[in-house]
Amino acid sequence: MHHVFANIRRVPLWLSLLCALTAAACGSDAGPIVESNDPGFAMNGKQLMFQGQPFTGIRRAELPAVEERHLPGYREGLQHGLATVASLDGTKVYSERRYYAGHPHGEHTGWHRDGKTLRVRQQFVYGKQHGDAWSWHSNGKPAEYRRFDDESNLLVYKRWRRTGQIFMNVVYHEGRTIGMPGSKVCDPIGTANSPES
């Protein structure tokens with residue numbers, strides 16, 4: 001099933017940063033880039049304030065312990081626009097998430113630490129999961145699939161082992177589960193104790 005996404009292209013890091021830095025390029029009010037540890041930041045309920053005003057801009061955080069740079073955008077104190085997590089040197093993108101007025105909205109995509117292999121792809125509509133949500137093992141094989149309806153109700157849930165064997169396949173219908181939750185797939189003789197299972 002992974003091959004379905006083989007031709008999907010992700011936004012390059014330079015374009016993500018350009019979107020975060022230039023309002024005209026992505027239709028947002030980019031504002032300044034301010035380091036996350038600036039003492040001017042404070043919370044007022046759910047609103048991020050900077051020097052006493054609702055913050056509009058990019059709040060940059062560099063996390064050397066995990067070698068990541070976080071670049072979330074804000075408008076009027078609420079997360080808004082593109083939020084990117086990248087390597088400190090800027091050569092790899094680990095996630096790109098979109099927000100609207102403080103709510104996840106649009107596509108959220110993540111990559112494994114190699115910066116190339118998809119880790120997760122899901123859709124949100126004003127804070128609710130919607131449609132198909134996929135995650136993959138670091139070897140590129142599917143790990144999990146979930147399908148949500150327009151009200152964010154879970155309709156289908158599937159899980160795979162790193163080897164590609166499906167071990168959970170559940171459909172939700174009228175409040176009941178149909179399928180094999182908790183079932184165990186039999187391994188061929190000789191692989192039952194392999195580290196991949």
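Every read-out reported here was derived from the displayed coordinates using simple, explicitly stated rules and does not represent laboratory data. These figures come from a predicted structure and were not determined experimentally. Note that we place each Cβ from the backbone using ideal geometry, even for glycine, and neighbour counts take in every protein chain shown.
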Gln165 paired with Arg60, simple spin-label distance in nm, labels 7 Å along Cα-to-beta-carbon: 4.9 nm
What does the highest-first list of 125-135, 74-84 look like by mean Cβ count within 10 Å? 74-84, 125-135
How would you rank 167-178, 51-62, highest first, on the average number of other Cβ atoms within 10 Å across their residues? 51-62, 167-178
Full-extension gain in nm, Asp89 to Asp132, via 0.36 nm per residue minus C-alpha separation: 12.3 nm
What ranking, highest mean first, results for peptides 144-156, 92-104 when packing means the other Cβ atoms within 10 Å averaged over each residue? 92-104, 144-156
